[in-house]
Amino acid sequence: MSRSLLKAPLRAVGVAIMCMTLFACGGAGRDRVADAAARDGILLIGNGSEPMALDPHLVTGVPENRIIASLIEGLIAYHPTDDDEPEPGVAESWEHNADHSLWRFRLRENARWTNGDPVTANDFVYSWRRMLSPELGSQYAEMLYVIRNAEAFHQGQIRDFNQVGVRALDERTLEVALKGSTPYFLSMLKHYSFYPVNPRAVEQFGGMTARQNNWSTVENYVGNGPFRLTQWTTNQIIKVEKNPDYWDAGRVRLNEIHFFPIENVRSEETAFLAGRLHITSTVSPDRIPTFRRENAEALRIDPYLGTYFFRLNVTRPPFNDPRVREALNLAVDRQTLVDRVAQGGQAPAAGFVPPGLDDYPAADRVQFNPDRARQLLAEAGFPGGRGFPRKEILINTSEAHRKIAEAIQAMWRQHLGIDVGIYNQEWKVYLDSQSNLDYDISRAGWIGDYPYPMTFLEIFTTGNGNNDTGWSNARYDALIRQAQSSGNEPDRLRLMREAEGILLSELPIVPIYWYTRTYLKDPRVQGWNPTLLDNRPYKYVWLEA
Amino acid sequence: MLKFIAKRFAQGVLVLLAIYALTFFLVAMTPGSPFSGERAIRPEILAQIEAHYGYDRPFFERFWTSLSNAVRGEFGPSAVYANRSVTEIISESFPVSLKLGSLSLLLALLIGIPTGVIAAVKRNTLLDYVPMSTAMVGICLPTFVMGPLLALVFGLMLNLLPVSGWYGPRYMVLPAATLGLYYAAYFARLTRGGMLEMLNQDFVRTARAKGVPESTIVWKHCLKGGLIPAITFLGPALAGIISGSFVVETIFQIPGLGQWFVRGALNRDDFLILGLTVLFAALIVVMNLLADIAHVLLNPRLKYE
């Protein structure tokens, strides 16, 4: 066979390879995307998943919140370092009555929407009315129940919004009457459920209560925040740029922020290491030791207001016996679990409400005590674990949750002599099983919506949609109710402390650890401070080129 | 010919209908709701939202509405992504998947077929052993190994190519290579087999005896027949590239259809699942039909039946 025979195909392959190399080298250079972006003042953020919407009244998730926080500003803005501190936003000043149940906000004159409209007190009345309209079906409407008559309006018991405790005294004065004394109302106002929307835009593209409303697409978006939306390419990128009409535009130092919806944590790490991101949304737990060694300056471990715990289904024996529940709690060596398995600098949870809150130090009650645990289990009729029925831990499908569950499974086997199984369900099925009480033990997490213990404690009241344990305690319910209506802060703290004490002696849960947020951050990102709720005051952030 | 196509087309429509019905029933029976989340939703709010999307209607009414809309090409709004319709989502992401898929397929054919031909012609030499054992390795390496490997070498170590995103030709190289190389290996092995069979035919011996140049024998007389196995594999290959692209899309952060398929299922986004399933099914039906036609065109021993 002649050599010429192979020329044609070889040439084709050769051309293909050459093309690939040319593409590869053409303009590649050594300059990484993150370097150029840092010089141009463009912050590149890995943002988890594609946002489901950018309408603050329809969203529920963290990735959405991180973007909306750049586009819309509420009455109170995020403080640069402390999520507990109020920072003037649209409201330039505020006052309240003695028991914190009546608030008056003075709106700043130069707050503007991106369509040129001034931000007025009536915009807030309109927005909160929209949020509370049952037809809209906002999943976070409950946040607004703190306002007088808001719950009744939302549930359709009253139809007249004038009876709800919010009104505009004039263009720039908003008065809010609350259901009871709420000193932490300013912190709640930072939540996106209280954010304003532009009435003109909402009306133009579908009306106040339409779920299908196009005001929040990239073409139509109207915001009042430090940045404005310029590009939204699905599954790829969301770009916001500095808003020149923002009242505090002089303070905004970033020119643009690009949000990348990278769902896969490995892909996100690769993108960071390849110089395409300044900040990742998270880090996979098993990679933390590697990053500690090799990228110590990039690895960030910040406190986070959340608790990782197991729910115990108290409607199923033997979990109806408090001694069994306490035994399970006492047999978990949380310190070892955090050090060896979770590895993200978490704190062992000795209570339910996490640390970091003003005036409410975390409880220090649930400790590792295997001897006492064995004794309790024996008293409950299972000496050495004998006769203990086969129970299962339900987790939602995730390697990280499985590792934690396996560690606890081993601890219970070692210290109590009981054998529990582990099974996983995919997220939506897991949610169903949990709310139908169709489980024995279920892994769970709870992140606070605002920095106050109530955001944790109220979920275990009887009938609360997030209780999901079947546990009910009249004294607990009464204490929470009293705390919610008490006009006196020390009293309220004492009542909540007492309620948490009941929760931690009855233990329908197994607190495991208090969350941290682990992520990678380019050292050039400045002004990025650890905040308890992971709120992002972007206007104080800048990049050192 | 026309009759053959008409018959296969009718079969295709039936298959699509069956798939639609089956998907609808499966989705309806799956536990979980598109509207559930970590934070419990109040029953009265849930009822409002469900009514908005028509979940409060009787089952068969829902099926009928959904089917008649689907026939008109309307799959309704996404139940999870507010303001976005299923048609919008598909029309945004399908071109991306199509581009990635065709690039990969092109790469696979460009590499696989010449390699297979060479290996057959140079049977039992190094030019046969080396590419064929490489191909065997290629077949055994799944894309979720190949992708990160390529990203590591060309992206992180050599810093030659971007490893995430979809912004221009350079961004397409690694994903297309990951997906394409895998199928190139298949095509190489199939082509080699097909060519070997042809090269052993009597007419080849006759041609050689008559002094026909070897290149004419290979390229003119044998290639057409030798390609039949590869052509037959095109339909399944395309299906594989579409369903396999999810992995590649995830690794390289590409805004294609594959991601929506998985996300739709995980979110219980019923309308999106239905829309995507029908689209994939239609693609596979059409591609198989085309592959069948090409098969018959290339192989005179087969007749349309």
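The values are calculated or read from the model by the stated rules, or taken from the named source; none is laboratory data. As the structure is a computational prediction, the values presented were derived from the model and not from experiment. Counting neighbours? That spans all protein chains shown, and the Cβs are built from the backbone with ideal geometry, glycine included.
Put simply, of A:Asn295, A:Asn313 the only residue that is modelled with pLDDT of 95 or more and polar (S, T, N, Q) is A:Asn313. For B:Ser102, the conditions (1) over 30 Å from A:Leu54 (Cβ atoms); (2) within 14 Å of another protein chain (Cβ to nearest Cβ) are fulfilled apart from (2).
Go through the residues of the range A:112-130 one by one and say whether even a single one is part of a strand (DSSP E or B) and modelled with pLDDT of 95 or more. Scanning the range A:112-130 turns up at least one residue that is part of a strand (DSSP E or B) and modelled with pLDDT of 95 or more. Looking across the range B:215-229, the residues that are within 14 Å of another protein chain (Cβ to nearest Cβ) and either touching a residue at least 12 places away in the same chain (Cβ under 8 Å) or under 13 Å from B:Val117 (Cα atoms) (or both) come down to B:Ser215, B:Ile217, B:Val218, B:Trp219, B:Lys220, B:His221, B:Cys222, B:Leu223, B:Gly226, B:Leu227. You will find that of B:Leu156, B:Leu161, B:Leu190, the residue that is within 12 Å of chain A (Cβ to nearest Cβ) and either touching a Gly at 6+ places or on another chain (Cβ under 6 Å) or buried (at least 21 other Cβ atoms within 10 Å of the Cβ) (or both) is B:Leu161 and no other. Determine whether B:Ser85 is in contact with a Pro (Cβ under 6 Å, 6 or more places away or on another chain), within 30 Å of A:Gln236 (Cβ to Cβ) and surrounded by 14 or more Cβ atoms within 10 Å (Cβ to Cβ). When the stated conditions are applied, B:Ser85 passes them. Beta carbons closer than 7 Å, at least 6 apart along the sequence or on distinct chains, pair a first residue in the range A:119-134 that is without any contact (Cβ under 8 Å) to a residue 60 or more places away in the chain with a second that is surrounded by fewer than 24 Cβ atoms within 10 Å (Cβ to Cβ) and among the polar types (S, T, N, Q) for A:Ala121/A:Thr173; A:Pro134/B:Gln48.
For the range B:137-152, the condition of being within 7 Å of another protein chain (Cβ to nearest Cβ) and either of a type in the set (A, V, I, L, M) or over 19 Å from A:Asn264 (Cα atoms) (or both) holds for at least one residue. The set of residues in the range A:425-455 being within 19 Å of the chain's Cα centre (by Cα), more than 13 Å from chain B (Cβ to nearest Cβ) and among the hydrophobic types (A, V, I, L, M, F, W, C) consists of A:Met454 alone. Residues in the range A:481-499 that are buried (at least 23 other Cβ atoms within 10 Å of the Cβ) and either in contact (Cβ under 8 Å) with a residue 40 or more places away in the chain or closer than 30 Å to A:Ile393 by Cβ (or both): 3 in all. For the subset of the range A:212-227 comprising residues that are surrounded by fewer than 20 Cβ atoms within 10 Å (Cβ to Cβ) and touching a strand residue (DSSP E or B) at 6+ places or on another chain (Cβ under 9 Å), which member is farthest from the other protein chains (Cβ to nearest Cβ)? Across the range A:212-227, the extreme among qualifying residues is A:Val218. Scanning the range A:346-395 for residues that are buried (at least 20 other Cβ atoms within 10 Å of the Cβ) and of a type in the set (S, T, N, Q) gives a single hit, A:Gln346.
Output the number of residues of the range A:54-66 satisfying the condition of being within 14 Å of chain B (Cβ to nearest Cβ) and in a helix (DSSP H, G or I). Total satisfying the criteria: 4. For the condition over 29 Å from the mean Cα position of the chain (by Cα) and more than 27 Å from A:Ser472 (Cα to Cα), A:Gln346 does not qualify.
Among the residues of the range B:88-103, what is the count of those that are surrounded by fewer than 22 Cβ atoms within 10 Å (Cβ to Cβ) and in contact with a helix residue (DSSP H, G or I) (Cβ under 7 Å, 6 or more places away or on another chain)? Summing the residues that are surrounded by fewer than 22 Cβ atoms within 10 Å (Cβ to Cβ) and in contact with a helix residue (DSSP H, G or I) (Cβ under 7 Å, 6 or more places away or on another chain) in the range B:88-103 gives 3.
Scanning the range B:241-277 for residues that are among the aromatic types (Phe, Trp, Tyr) and either facing chain A (nearest Cβ under 10 Å) or assigned to a loop (DSSP other than H, G, I, E, B) (or both) gives B:Phe252, B:Trp260.
Considering every residue within the range A:180-201, establish whether at least one is over 23 Å from the mean Cα position of the chain (by Cα), under 28 Å from A:Met454 (Cα atoms), crowded, with 20+ Cβ neighbours inside 10 Å and aliphatic (A, V, I, L, M). Checked against the condition, which is being over 23 Å from the mean Cα position of the chain (by Cα), under 28 Å from A:Met454 (Cα atoms), crowded, with 20+ Cβ neighbours inside 10 Å and aliphatic (A, V, I, L, M), the range A:180-201 yields no hits at all.
One residue stands out among those in the range A:515-545 that are acidic (Asp, Glu) and over 18 Å from the mean Cα position of the chain (by Cα): the one that is nearest to A:Leu337 (Cα to Cα), which is A:Asp522. When residues of the range A:403-422 are filtered for being surrounded by 15 or more Cβ atoms within 10 Å (Cβ to Cβ) and either touching a strand residue (DSSP E or B) at 6+ places or on another chain (Cβ under 6 Å) or of a type in the set (Phe, Trp, Tyr) (or both), how many remain? Final tally of qualifying residues: 5. Checked across the range B:104-124, the condition of being charged (D, E, K, R), over 30 Å from A:Thr234 (Cα atoms) and touching a helix residue (DSSP H, G or I) at 6+ places or on another chain (Cβ under 8 Å) holds for at least one residue. Within the range A:269-292, the residues that satisfy the criterion of being of a type in the set (A, V, I, L, M, F, W, C) and either at pLDDT below 90 or more than 30 Å from A:Met454 (Cα to Cα) (or both) are A:Ala271, A:Phe272, A:Leu273, A:Ala274, A:Leu277, A:Ile279, A:Ile288, A:Phe291. Residues in the range A:243-263 that are out of contact with any Asp or Glu (no Cβ under 6 Å at 6 or more places or on another chain) and surrounded by fewer than 19 Cβ atoms within 10 Å (Cβ to Cβ) were compared, and the one that is farthest from the other protein chains (Cβ to nearest Cβ) is A:Gly250.
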